[in-house]
Each structure stands twice: as structure tokens, then as C-alpha cells.
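Notes follow once the structure below has been shown.
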Amino acid sequence: MAEHKNPGIDDVMDEAKTYIHAPESLALLEKAANYASEHHAGQFRRSGEPYIIHLTNVAYILAKMRCGPMTVAAGFLHDVIEDCGVSHEQLARDFSDEMADLVEAVTKVGTLEFKGKDDPEYQAANHRKIFIAMAKDVRVILVKLVDRLHNMRTLQYQSEASQKRIAMETLEVYAPIAHRLGISSIKNELEDLSFFYLNREEYYHIAKLVEAKKAERDEAVSRMISDISEMLKENNIEFRIFGRSKHLYSIYRKMVTKHKRFDEILDLLAIRIITKTELNCYEVLGYIHAAYKPIPGRLKDYIAVPKTNMYQSIHTTIIGEDAKIFEVQIRTEEMDAVAERGVAAHWRYKEGSKYDARAEQKEIENKLSWFKNFALYSEDDVNESASEYMATLQRDVFEANVYVMTPMGRVIDLPNGATPIDFAYRIHTDVGHTAVGAIVNNAMVPLNTELHTGDVVQIKTMKGTGPSEDWLKFVKTNQARNKIRRYLQLKESEKHEERVAEGEKALAEELRKRGADPKEYLDKKHIEPLYREFRVTNYTEFMYSLAVKSNSVSAVADRLTNQRHVPTEDEVLSRVLNKEEPRRTTKLGLVIPGIESMKMSIAHCCKPVYGDKIVGFITKADGVKVHRADCSNIIHIKNRKIPVEWDEGDHERLYDSVLIVNCYDRSFLLTDIVTLVNQCKVPMESVSANVNKDKITSTIKMSIRVHDLDQLENVISNLRKVESVITVKRSSQ
Ligand code: MN
């Protein structure tokens, strides 16, 4: 691994002066450096070095990346809140509100607790998302990435357990973010450092293989370089050319994922040509292909079609002397800067004009496909100007969820508008059931308070209390809503049992009053014949009706003890029919024309939702099952079908639906999909993803709940627009 010398504050200033000239900006850097030196005085790192060395390194790397003065200054200041107890207010007074916000955000992101791989809840993609959402500002991410880079460079001073944990987190969270932002220099170094700490054996193995052939390779590369140089000079093209080495982790990953031996990896001999204009790039390509045989299928034009992280270049693979294979990259200076420094290269720090963080942030986001991946709305939506459109998009992405923390730093993500009760049920059902108060950021708040990203939430509980029906009015998660409902239903059914006993008791007493022995009458033989007359279907219902007085105890006692008059069937029927009864609708929101109270349920195979064409199927033992009219399970059946209709009056209900999404596997895909469903305001019950046998595509199965077919179709059509989604289907197994 490369050795890095510790720069001093003067080195940072020298580096900054190469592109920052405004005196007030240089003064800001100077001030930040002194501020950090003062506040961290007497603090040391594990290496034994004074703490300021870490801060100087971070600022230096940021300056090397040509970051703006605020960002470089934040590099100096990024640990003063956490390690020196400097408050946001003080930092705002000493510098500016903007600086205080920046440093506070860096601190907050740093306190995220990344769980280990063995934790079943662990999902690296989720953590990357949370990281980005919490940072909110690209500058925060840059400082944090560089902070992590320097910590990785000095990881040897940590315990072995910490080394492994930090390296794993770097590989799974930080390196992909650097990649996403197109900062390949940081990404590569983070990967190689992580690789070293996670798998030292393989690291040394590959390093040795690379070293063994180094002389031979260097010679081949320099011969190729001089041949190409001569050719380009003859054609009067301005260029720089150099060999480059693959970083070790990328070789390792190729060997593992593509099952290749070291000597089968083609692009170990690599050359890069930097030229002036885009046109020059294609000219260079033309000359090279004219002189050397290209390998078919290896030409990639990322100039015409840039990668999603803004990367542009032409790649081709050619066969050189002695049948040696070379990968050649051709690009302009500007493209090269973007490839190495990604987002930071777009950081046009403009001298003189007032620095506008928001405008700059937006400019970068505009260029980043990250946000374009969320482009779910139709492109001919001309009502919105492009910038408004991006602003909406960003709001949707960042504000679709809130991320809050437990006092221990565990991150809990919740839908927008979620309350401490949602949080409590996410922690544990019992915490939800026994919640009596909430403390948010050290202040007691009402249980219906809306939570915000970054809030630290603590729940006060009390044994023996239970959820209140009022909670249903403000909770946002289905998890909380379902658990509260279930609890209340259980309470209700306990009450029901009590009522049944009450009814029994009342009837027994009434019988005793009449000098009859209850034991003689309270049995099936006597009670059952009365069901029809009293319009009940079973014993418990009967007793319950007595307790709630929908049937009279004395009337029943009369009938039991004195069977003077047994009403005829016609009498019973007319009594039933004359009683004006509200039209019964099932809870499913379904009706069978002309038939009341028939047991109906929704078929599990095709799960129709309100608005689907449906048909009923009369089962032998389980009433009517309602299928989609085109359900393959019943479409060929002729008998036992019965027409059913949706009940126009019942729109409150949500219907379960299962979607099968087939897609090309890529990182962030699942998060993108979950975010989208969230944006459609559709509750998601479960989601699972499986990579298919071909290792390229994966199948995502999700269970959602919708009001009707329109809403479902809206979700499906939006899902189809997500990048790399191939098909979206409703499940009907
Ligand atoms: Mn730090």
C-alpha cells in the first residue's frame, strides 16, 4: 500500500492557493485550521500523534480534490462538535450557520450505528440510503468519505476486531457511495485498504502475482506506449499517455465473480490516453484500431452513453506485440478529472461570486443519475420546468422517509409523518402496548408528535397499560395500526366471553325465578329449537344477545318454560322480513345480487382488488370464494360459479395484492423500489428479493395493500419505469 506523508497546515494552504484566490476564502481556511488546533490541543490519536494531524490530512485531501473553501474548512472542523464539545450555536457564532450545519451533519452521520453482517436486519443498501438521506448535502458526504479514508489509512492502530468491523463497513457502505459519486480514486483506495484488513492472505497472494510479472508487464506497456505515441505524433494529435495498474481488490473481485485465474484477466496491461477534445478521442480510437486488432465485443463508448455516475471514456481492448492484450482508455482531461474525482470535479468553485450551496448541490444532483433513477414521471410532463421537477424529485426521495435513532444510535426508518407510537411498535410490540410518553431530543413530547430525520427518540413505558383507540387516528405504519387493532380486538373478544357468561347467568336467574331448574333447560335439546325464532345461529350468540338485551331474557324464559305457542315458519319469516334491517354488506365490500348473508372470502390465489372483474366460486365447505374473472384456477370450471359484485358503498377497505417484479440485478434496486411504493402511498406488507439462476436477473416479490384497481395499476406502471425493471406482474399462483 502506498505510503502517505503527513501534510502540515502550510501544505493545505499551498494546495488551496493553487485554485482558491479570494483573500476572505483563504482567511476562512486559516481561521478553521487555527480553531481546530486550539480546540483539539492536548488530544492524541491511537497512533500517539497529535489529533490535528488527522484534521490536516482530511483538509489536505479535500483541497487536492479541489473542493470549495467551506468544504476544506469543514475538513478541519469536522470533529470539534463530537470531540471538543463545541456547540452548534458556538460554531455558528464563530463561523456561520452554514458551517455549523455542515459540521453537525458530519457528526450526525458519524453516529449512525452500522450493524454487523450476522444481524438479520442488516442491509448494506439500506444503510447507504440512510447515510445519504441524513447527509442531505453532498459536501457532508465528501467530508465523511475523506474522514473515513484517512481513518482507513491509519487503521493499523486499532484492535483486530475494530479493524474487521470498520473495514467491512467501509467496503459495504463507504466504497459504494464513493463509486456512486464517481470518485474512483477514493473508491479504489478504500477498497484496497478494506481488502487488506478483511482478507490479508488473498491480498498478499494477489499482490505477489502482480509483482512477479511486473518487470515483464512494464516493459510490454512502455513499448506499446512508445509505438502509440509515435503514431499519434505523426498525426498531429495532442495527447498524454501512461500505463496504469489495476487495483488489487478489482483483480480479486474479477477472479471471484467471473471465476477466472489471474492470468485470464485480460486488462492487466492497461494504457490511458488523455487528449484534447471529444473528437480527438474518436480519432485516437480510429488510429489505434487501424494499427492493432481489436477484440470484438470489448469496445465500450461511454462518451456517447455516459455511465450513471457521470463517467465518460472510450474503452477498447487490442492485441499488441507477442499477442499481448491491452486495455486502452481514451478520454479528455475533463473526463479524466470526473473519473478520478467524480462529484468533486463538478464542484466548480467560482471565485468572486457568492457561494450558493443550494444551487451547487442542485447542479451536481442534476448530473447524477442517482436522482435520475427516481425519474418516475413521464418525460412529457411539460407543466413543470426542469429545475422544479428535480426539486420535487429530491423532496420525494429524501422526504419519503424519516430516519430516527434510539438513544443507542440504532437507526429506525419510518414513513413520513410517523409518530413516537410508530417508533415504539417498531422497537417491540410490548414497548408499543405499554407506551405512556415520549422523549424526543431530550424533551418530553405528545405521543402524536411528528418525527423528523435525525431525532433521537426514547419511549417511556408503564406496565399494565394498553394502547388507546385514539392512537389509530394518528399512527402511520401498518405495523403499529395492526398491532393496536389486534390488541383492541382481543380485549373485545375477552369482553364478548364475559357477556356470554352474563347472558347465561341472567337466563338461569330468570328460570329460577319461575321455579324452574336451569340445568334442565340450558341444554341443546331445549335451546336449539329457539335459534330461528330469536334470530341467532348458535349458543354463544344467543347468550350474548341476552346480555346486550337484543333478545329479552323473559321472552326466552317464557318460551322455555311454557311452550304454549310455537310460531310457524311463516310467522318467523314475516317477523324477520318486516323488521327493517339495514342492507348487509360483508366486510369484504362484496355483494351477491339477491342473496344476503352468505359466507364470502377473497381467494388467495389471485387476490382480486376492488374494481377487478370478479366471479364467485361456491366451495364445498368454505362458502363463496371470490376470484378474479380470469383466474386460471377457475376459468375452465363451468359449475358452481355465481356472479358477485363489488359493493359500491364500501370504499374504506384495503385489499392485499402480490406483485412479482422481474429485473436486472443492480445495487440500490430494492431500495429504489421500496421508496417508489412508499411514494405511491401504498402500504407494503412484505418484500423479498431473490437473485435468479442466471445471476443477472432477480425476482422481487412484494405484498402491498391497495384501495382499488386504479391505485394498483398506478403502482405497477410506475414500477415498470424504474431502471432495470423488466416486467411487473400480479401474482396468481
Ligand atoms: Mn474524523
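Structure values in brief
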item	result
Contacts under 8 angstrom Cβ, first residue in segment 714-733 being without any contact (Cβ under 8 Å) to a residue 60 or more places away in the chain and in the same structural domain as Gln679 (by TED's automatic domain parsing), partner among the charged types (D, E, K, R) and open to solvent by 20 Å² or more (accessible area, probe 1.4 Å), 6 or more apart	Ile716/Arg730
Qualifying positions in segment 134-163 - away from the ligand (no atom under 16 Å from the Cβ), part of a helix (DSSP H, G or I) and either closer than 22 Å to Asp672 by Cβ or modelled with pLDDT of 90 or more (or both)	Met134, Val138, Gln156, Glu160, Gln163
Residues that are of a type in the set (D, E, K, R) and part of a strand (DSSP E or B), drawn from segment 300-343	Lys300, Asp301, Glu327, Arg331
Residue among Val626, Val687 that is surrounded by 15 or more Cβ atoms within 10 Å (Cβ to Cβ) and either in the same structural domain as Leu719 (by TED's automatic domain parsing) or under 17 Å from Asn718 (Cβ atoms) (or both)	Val687
Test: residue in segment 230-246 that is open to solvent by less than 60 Å² (accessible area, probe 1.4 Å), modelled with pLDDT of 85 or more and in a helix (DSSP H, G or I)	yes
Failed item in (1) without any contact (Cβ under 8 Å) to a residue 24 or more places away in the chain; (2) away from the ligand (no atom under 16 Å from the Cβ); (3) not basic (Lys, Arg), with Glu104 passing the rest	(2)
Selection status of Ser688, more than 27 Å from Ile618 (Cβ to Cβ), modelled with pLDDT under 90 and out of contact with any helix residue (DSSP H, G or I) (no Cβ under 8 Å at 6 or more places or on another chain)	yes
Flag for Gln163 being more than 25 Å from the chain's Cα centre (by Cα), free of Cβ contacts under 8 Å to residues at least 60 places away in the same chain and either closer than 30 Å to Glu49 by Cβ or not assigned by TED's automatic domain parsing to the domain that holds Asp336 (or both)	yes
Residues satisfying the stated conditions in segment 404-427, i.e. modelled with pLDDT of 90 or more and either under 18 Å from Thr461 (Cα atoms) or part of a strand (DSSP E or B) (or both)	Thr419, Pro420, Ile421, Asp422, Phe423, Ala424, Tyr425
Output for segment 40-50, where each listed residue is surrounded by 18 or more Cβ atoms within 10 Å (Cβ to Cβ) and away from the ligand (no atom under 13 Å from the Cβ)	none
Selection count where residues are more than 13 Å from the ligand (Cβ to nearest atom) and open to solvent by 60 Å² or more (accessible area, probe 1.4 Å), scope segment 61-84	2
Residue in segment 203-212 that is among the hydroxyl-bearing types (Ser, Thr, Tyr), touching a helix residue (DSSP H, G or I) at 6+ places or on another chain (Cβ under 7 Å) and not assigned by TED's automatic domain parsing to the domain that holds His289 present	yes
Some residue of segment 690-700 being in contact with an Asp or Glu (Cβ under 6 Å, 6 or more places away or on another chain) and not basic (Lys, Arg)	yes
Residue match in segment 444-457 (condition: open to solvent by 40 Å² or more (accessible area, probe 1.4 Å), part of a helix (DSSP H, G or I) and without any contact (Cβ under 8 Å) to a residue 40 or more places away in the chain)	no
Hey, Val440 without any contact (Cβ under 8 Å) to a residue 24 or more places away in the chain and within 26 Å of the chain's Cα centre (by Cα) or not	yes
Residue within segment 119-133 that is modelled with pLDDT of 75 or more and within 16 Å of the ligand (Cβ to nearest atom) present	no
Verdict on Phe95 being under 26 Å from Ser194 (Cα atoms) and under 38 Å from the mean Cα position of the chain (by Cα)	no
Tally of residues being part of a helix (DSSP H, G or I), modelled with pLDDT of 85 or more and open to solvent by less than 60 Å² (accessible area, probe 1.4 Å) across segment 251-290	9
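Matching residues to (1) in contact with a strand residue (DSSP E or B) (Cβ under 7 Å, 6 or more places away or on another chain); (2) surrounded by fewer than 15 Cβ atoms within 10 Å (Cβ to Cβ); (3) more than 30 Å from Ser686 (Cβ to Cβ); (4) of a type in the set (Phe, Trp, Tyr):
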position	(1), (2), (3), (4)
Glu469	no, yes, no, no
Phe474	no, no, no, yes
Arg499	no, no, yes, no
Lys519	no, yes, yes, no
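Quick grid of which residues meet (1) within 14 Å of Cys84 (Cα to Cα); (2) more than 13 Å from the ligand (Cβ to nearest atom); (3) open to solvent by 70 Å² or more (accessible area, probe 1.4 Å); (4) among the polar types (S, T, N, Q):
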| residue | (1), (2), (3), (4) |
| --- | --- |
| Leu26 | no, yes, no, no |
| Ile52 | yes, no, no, no |
| Leu55 | yes, no, no, no |
| Ala59 | no, no, no, no |
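The values are calculated or read from the model by the stated rules, or taken from the named source; none is laboratory data. The model shown is predicted, which means the values in this text are computed figures rather than measured ones. Counting neighbours? That spans all protein chains shown, and the Cβs are built from the backbone with ideal geometry, glycine included. Surface areas here come from the heavy atoms of the whole protein model, side chains and all, with no ligands, DNA or RNA. Shrake-Rupley method; radii C 1.70, N 1.55, O 1.52, S 1.80 Å.
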